[in-house]
Amino acid sequence: MNFAPNLDTGESYVAMNLFQPPTAHCGVFEQALDRAVTKISDLIPVFGLRNPRIGENGTQSYQFCISDEWVASFWSGQLWLAYSLTGEERFKNSARMRRPYFQTVLERPDWHDHDLGFLFSLSCVADWKLTGNEHSREMALRAADFLAARRRQPMRFVMCWNPMRRDPPEFAAQKVGTLNIDSMQAMALLFWAHEQTGQASFADIAHMHLATSAEYLVRDDCSSFHAYEFDPRTGAPVKGFTHQGLSDDSCWSRGQAWAIHGFAQSYLYSGRQEYRDMSARMADYIADKLPEDGVPLWDYDLPDNMHPYRDSSAGAVTAAGLYALAQGFGHGPEAERYTALADRILLGLVQTCDIAGRPEAQGLLEKGAAFVDLDRSDNMLPYGDYYYVEALMRAVGHTEFFW
């Protein structure tokens, strides 16, 4: 990537139309980013080859991934972000040491689902973008092939979930025809593969998936379903429902965050204004639903008689997506409005959830709500940590990432 000004035209940096978010708390965010990078460095010998999965209840220690874990790349993503900031070999080396795991993923089709996007964007695509490593590029392109092949006619989206032995029979049958909102983050891998190969089908499938998501996952008021069921035989829509939110009719905050970020990133890849506009409308929906400290509750429709668990991971994903949305607008009132909303959420995370400065902490954020109905309601989460670093980087002006 070439970041130099165009010297042939005599254009100066002052005259260039470079994006810089009008962040209100830049100094606070710079300090938080420094703490995060220091913590990531300190954890390299603690984690070794292990990848964090979820925080142990009541502690600031992580449980670690076993095989076939959708969260396995978020520590790798943090390492690559730290490498992009510092150039220190220890971050790159630790990230690369995880490559055999991702090679195993490619060799195990029974592990494949929409999370191929998370797994390979934050590992192999990151390596390719930062170092030009051809083996990582080949691995990421193979993952994109597998992801694209999950399009199942007549359904107009990439198949998201796989039935599992532990699933109740009804849910296992439902999964076959289900589109979920988490999959919004996977489309960047397909857009990247299209850029790399020129193969139109990668982008065509991504656009089809995004169009179906916009039509069925996003409600008229721009809140969202967690998932939508279709008849796999005919492709006909059946109903929207939730798996991790409060109810089928509520708005799960992390799901809304996946969509805000996903549509914004899809606009930055494709330039299609409908994606930017959808991200903006979904952001507008949450603007007056945040608590005073800016950190979202785990569901935007939580009644007053339920415990108000925060979800710092939803806050981190939302803030990162809002900064990406502001970048999509570039300059003017919209960029200022969405930067200000992102600032509010990110400042709340820094002030109320940041634990990077605690020597005993194995993560960056507390108060993550992984799955409240399963009593995973106040945890460190590796995806919260990853998106927190991404949001802090975007807040201070970085615009190049792995999506």
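Some notes on this structure:
- So D288, is it buried (at least 24 other Cβ atoms within 10 Å of the Cβ), more than 25 Å from T212 (Cα to Cα) and out of contact with any His (no Cβ under 6 Å at 6 or more places or on another chain): no
- Residue match in the range 140-152 (condition: modelled with pLDDT under 95 and either surrounded by fewer than 22 Cβ atoms within 10 Å (Cβ to Cβ) or under 18 Å from S266 (Cβ atoms) (or both)): yes
- Filter pass, T234 being touching a Pro at 6+ places or on another chain (Cβ under 9 Å) and in contact (Cβ under 8 Å) with a residue 40 or more places away in the chain: yes
- Qualifying residues in the range 1-59 (those that are of a type in the set (S, T, N, Q), closer than 30 Å to E195 by Cα and in a loop (DSSP other than H, G, I, E, B)) - the one modelled with the lowest pLDDT: N2
- Test: H243 is part of a helix (DSSP H, G or I), crowded, with 16+ Cβ neighbours inside 10 Å and either in contact with a Gly (Cβ under 7 Å, 6 or more places away or on another chain) or not hydroxyl-bearing (S, T, Y) (or both): no
- Condition check for A259: touching a Lys or Arg at 6+ places or on another chain (Cβ under 7 Å) and at pLDDT 95 or above: no
For every residue, the table says whether it meets (1) of a type in the set (S, T, Y); (2) surrounded by fewer than 23 Cβ atoms within 10 Å (Cβ to Cβ); (3) closer than 17 Å to T38 by Cβ; (4) free of Cβ contacts under 8 Å to residues at least 40 places away in the same chain.
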{"residue": "P359", "(1), (2), (3), (4)": "no, yes, yes, yes"}
{"residue": "F371", "(1), (2), (3), (4)": "no, yes, no, no"}
{"residue": "R376", "(1), (2), (3), (4)": "no, yes, no, no"}
{"residue": "G384", "(1), (2), (3), (4)": "no, no, no, no"}
{"residue": "Y388", "(1), (2), (3), (4)": "yes, no, yes, no"}
{"residue": "L392", "(1), (2), (3), (4)": "no, no, yes, no"}
{"residue": "E400", "(1), (2), (3), (4)": "no, yes, no, no"}
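- The lone exception for W192 - which of (1) part of a helix (DSSP H, G or I); (2) surrounded by fewer than 21 Cβ atoms within 10 Å (Cβ to Cβ); (3) of a type outside the set (G, A, S) it fails: (2)
- Top-ranked residue in the range 340-357 [being free of Cβ contacts under 8 Å to residues at least 60 places away in the same chain and outside any loop (DSSP other than H, G, I, E, B); ranked as surrounded by the fewest Cβ atoms within 10 Å (Cβ to Cβ)]: Q351
The values are calculated or read from the model by the stated rules, or taken from the named source; none is laboratory data. Remember, it's a predicted structure, so these values are computed and weren't measured experimentally. So basically every Cβ, Gly included, is an ideal-geometry build from the backbone, and we count neighbours across all protein chains shown.
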